[in-house]
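Everything below concerns the one structure shown next.
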Amino acid sequence: MSLFCCPLCGESLTRGERAYACPNRHSFDIAREGYTYLLPVNQKHSAAPGDDRGMATARRDFLSKDYYRPLLDALCDLAVTHTGDAPAVLDAGCGEGYYTAGVCQVLATAGKTPRMAGIDISKFILRSAAKRAREMEFAVASSYHLPLADECVDLLLDCFSPLALEEFRRVLRPGGVFLYVVPAADHLWQMKQVLYDVPYPNEEKETPYEGFAYESVVPVEDTITLGNPADIHALFQMTPYYWKTPKAGAERLLALDTLTTKIAFRIHVFRKL
């Protein structure tokens with residue numbers, strides 16, 4: 001049985017060789033790459049929502065070189081610590097599946113039997129995710145309308161994706177854990193010094209959310225060196241700065257042959273009450 005449920009009637013889905021189907025005979029084809037499409041038309045706000053093809057490629061190319069490995073390792077440690085023997089795990093806004101696949105592999109190595117699923121609103125980026133880990137389930141869907149049953153998830157990951165608290169509360173089991181990754185104040189600070197005349201730090205705050213107990217905030221920090229223009233451009237393109245940086249700043253960055261910059265994240269750990 002799939003972790004996903006039908007976005008039209010809410011019944012459970014069964015995954016077949018070529019499609020998912022529910023008892024009410026709603027059917028959802030599985031793409032060649034291995035993902036399915038569970039985003040009803042009335043939940044789409046554009047013809048191709050989410051990351052476009054260029055951003056999807058940039059994220060895939062950059063993360064595949066393990067520049068953000070310290071963050072993945074920290075998420076894996078937390079996943080092993082906060083799950084039982086057979087956890088149901090959802091990566092909400094999973095992107096190209098880098099963290100999804102890494103967590104799944106570590107859970108399996110620890111002797112657990114995880115059921116893993118990832119959703120993202122971009123079909124372009126899910127193509128990479130599904131190719132990366134064919135044993136997992138991936139679907140085009142919105143974090144604000146998760147195609148999952150109530151209280152079916154033991155561990156939920158949200159790495160830089162929308163904070164859909166009502167849906168996260170709904171799908172997490174009581175006692176389930178929610179890992180929320182955000183950039184720290186000085187994340188990519190040296191890159192921002194190139195992009196902007198007066199760079200600003202990211203806002204950091206600890207916000208309690210109704211229905212969750214705040215367990216901890218785990219800091220993850222390191223320094224990375226990007227040794228070629230292609231990697232610098234890939235990092236730039238996968239960040240929000242790509243869309244709001246003045247032309248002069250972007251040109252300064254893309255003229256560099258190498259870039260050394262700090263990476264800094266905060267993993268907020270919540271447990272559902």
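Observations
- Filtered residues of region 187-206 (kept if in contact (Cβ under 8 Å) with a residue 60 or more places away in the chain, more than 30 Å from Arg173 (Cα to Cα) and under 21 Å from the mean Cα position of the chain (by Cα)): His187, Leu188
- Within region 110-140, the residues that satisfy the criterion of being in a strand (DSSP E or B), of a type in the set (Gly, Ala, Ser) and closer than 11 Å to Thr36 by Cβ are Ala117, Ala139.
- Just one of (1) surrounded by fewer than 18 Cβ atoms within 10 Å (Cβ to Cβ); (2) touching a residue at least 24 places away in the same chain (Cβ under 8 Å); (3) among the acidic types (Asp, Glu) fails for Asp150. It is (2).
- Among residues of region 109-135 that are farther than 19 Å from Ala164 by Cβ, those with a Cβ under 7 angstrom from a residue that is surrounded by fewer than 20 Cβ atoms within 10 Å (Cβ to Cβ) and acidic (Asp, Glu), sequence gap 6+ or separate chain, pair up as Lys112/Asp85; Thr113/Asp85; Phe124/Asp52; Arg127/Glu33; Ala130/Glu33; Lys131/Glu33.
- One residue stands out in region 187-224 among those that are part of a strand (DSSP E or B) and of a type in the set (S, T, N, Q): the one that is nearest to Ile263 (Cα to Cα), namely Thr223.
- Checking each residue in region 238-262 for being in contact (Cβ under 8 Å) with a residue 60 or more places away in the chain and over 21 Å from Ala56 (Cβ atoms) picks out Leu256, Leu259, Thr260, Thr261, Lys262.
- For region 212-240, the tally of residues that are under 30 Å from Glu166 (Cβ atoms) and either within 18 Å of the chain's Cα centre (by Cα) or surrounded by fewer than 19 Cβ atoms within 10 Å (Cβ to Cβ) (or both) stands at 11.
- Considering residues of region 37-56 that are modelled with pLDDT under 60 and among the aliphatic types (A, V, I, L, M) only, the residue nearest to Tyr241 (Cα to Cα): Ala48
- Scoring Tyr67 on the criteria (1) buried (at least 20 other Cβ atoms within 10 Å of the Cβ); (2) at pLDDT 95 or above; (3) in a loop (DSSP other than H, G, I, E, B) leaves a single failure, condition (1).
- Residues of region 123-143 include none that is at pLDDT 95 or above, of a type outside the set (Ser, Thr, Tyr) and more than 15 Å from the chain's Cα centre (by Cα).
- Members of region 1-10 found to be within 25 Å of the chain's Cα centre (by Cα) and either over 19 Å from Pro114 (Cα atoms) or surrounded by 14 or more Cβ atoms within 10 Å (Cβ to Cβ) (or both), listed by number: Ser2, Leu3, Phe4, Cys5, Cys6, Pro7, Leu8, Gly10
- Residue match in region 108-115 (condition: modelled with pLDDT under 95 and either surrounded by 20 or more Cβ atoms within 10 Å (Cβ to Cβ) or over 23 Å from Ala31 (Cα atoms) (or both)): no
- Residues being loosely packed, with under 13 Cβ neighbours inside 10 Å and either of a type in the set (A, V, I, L, M) or under 20 Å from Ser128 (Cα atoms) (or both) - total across region 11-33: 4
- Search result, residues across region 230-267 that are touching a helix residue (DSSP H, G or I) at 6+ places or on another chain (Cβ under 7 Å), modelled with pLDDT under 95 and outside any helix (DSSP H, G or I): Met238, Thr245
- Tyr209 meets each of the listed conditions (1) within 22 Å of Asp91 (Cα to Cα); (2) aromatic (Phe, Trp, Tyr); (3) over 21 Å from the mean Cα position of the chain (by Cα) apart from (3).
The values are calculated or read from the model by the stated rules, or taken from the named source; none is laboratory data. Bear in mind the structure is a predicted one, so any value in this text is a computation, not a measurement. Neighbour counts run over all protein chains shown; Cβ positions are idealised from the backbone, glycine included.
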